[in-house]
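Here is the structure we will look at.
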Amino acid sequence: MAPRFARPAAIACVALLAVSGCSLLDGPEEDPSGSLRDSSSSLSVPLYWIGQPGPSPHLFREYVPLAPDETTAPGDVVAIAVSMMSRMRPADPDYENPWSPASSVGSSVSSDGTLTLDVSSDMFPEDLDADAARMALQQLIYTATATASSANVLGPDGTGSVVVLVDGRAGHSFAGKTLGSPMGRDDGARAPLWVIDPAFGQVHSREVGFKLVAERVAATVHWRLSDADGTIEEQVVDLHDDGSGPHEIQFDRVLEPGDYTIEAFVPNEDVYEERLVDPSEPVSIWDDHDFTVSDGDVDVPTPQDA
């Protein structure tokens with residue numbers, strides 16, 4: 001759906017169980033090879049995608065039902081999530097995925113908490129420059145560590161190191177970067193503002209819960225709720241921001257059946273960092289989700305963690 005303002009064309013604990021509404025049936029297991037195992041078939045996994053609402057790309061997250069296939073060992077949840085990331089496309093058309101489908105993905109964790117991914121070389125796109133490749137690697141790291149954290153294999157903040165092997169070996173060159181050494185999350189890769197709930201494309205009952213997250217981007221955040229006829233409600237939220245970390249904005253509304261859009265945005269003049277601003281646009285920092293409200297029986301979504 002088109003935004004209500006001009007824009008370019010097109011955290012950090014991420015909890016798997018918060019949105020799936022279920023538990024790891026047998027808890028996380030580690031087999032003798034160190035692979036991450038789980039016996040559940042009804043989980044959702046956090047997949048990260050790349051979006052660029054302003055001059056710089058950032059990572060955004062969607063939860064997707066676990067979808068194993070022949071590219072991974074059965075029950076290797078982290079590998080399954082990475083494989084899904086390589087072959088799926090985001091639900092939100094504002095996001096992109098630069099990876100190619102992997103024919104093989106495996107994962108293991110060492111006693112010191114280092115997460116090792118072994119992916120096939122066909123997963124790597126050949127046409128990325130160094131900056132785009134850096135963001136793609138962060139997308140991979142965030143997806144893997146968020147899933148491992150959800151399975152209680154890594155700490156709750158997902159800050160473990162990740163080693164990427166390609167076809168079982170270190171030393172693969174990706175846009176000039178040699179893989180095989182430990183890498184970690186770049187906090188600056190996360191989007192400074194995003195809509196958490198409702199998820200893009202979700203169908204809700206008439207009682208809808210909203211959650212937005214802003215992280216060191218501005219002292220105030222605007223949100224706007226619209227339907228096909230235009231704006232229903234718009235507010236400016238004072239975050240009382242001291243620059244210490246993410247701020248959640250939560251509210252509930254009872255809505256009539258129909259299609260809606262929730263937008264979160266910060267006008268350029270309010271953005272803390274100039275590098276996040278595109279001076280040719282009135283708004284550079286934004287995220288929006290389309291969703292539907294139904295009068296019938298729907299599965300009530302479990303609120304997501306930030």
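We did not get these values from a lab; they are worked out from the coordinates using the rules stated. It should be emphasised that the depicted structure is a prediction, and the values quoted were computed from it without experimental measurement. Cβ atoms come from the backbone with ideal geometry, glycine included; neighbour counts cover every protein chain shown.
For a Förster distance of 30 Å, can you work out the FRET efficiency between the beta-carbons of Asp295 and Asp186, rounded to the nearest 0.05?
0.10
Work out, step by step, the length gained on full extension between Ser121 and Asp227: first 0.36 nm times the residue separation, then minus their alpha carbon distance; give nm to one decimal.
33.7 nm
Could you put Arg206, Arg89, Arg61, Arg216 in order, starting from the residue whose Cβ has the fewest other Cβ atoms within 10 Å?
Arg89, Arg206, Arg216, Arg61
How many angstrom lie between the Cα centre of the stretch 266-286 and the Cα centre of the stretch 56-117?
First find each Cα centre; the distance between them is then 31 Å.
Ordered by packing density, taken as the mean number of other Cβ atoms within 10 Å over each peptide's residues, highest first, how do 124-131, 96-103, 142-149, 271-278 rank?
By packing density, highest mean first, the sequence is 142-149, 96-103, 271-278, 124-131.
Rounded, prolate or oblate: which fits the stretch 142-282 when a ≥ b ≥ c are the square roots of the eigenvalues of the alpha-carbon gyration tensor, with rounded for a/c under 1.5 and prolate only if a/b beats b/c?
In terms of gyration-tensor shape, prolate.
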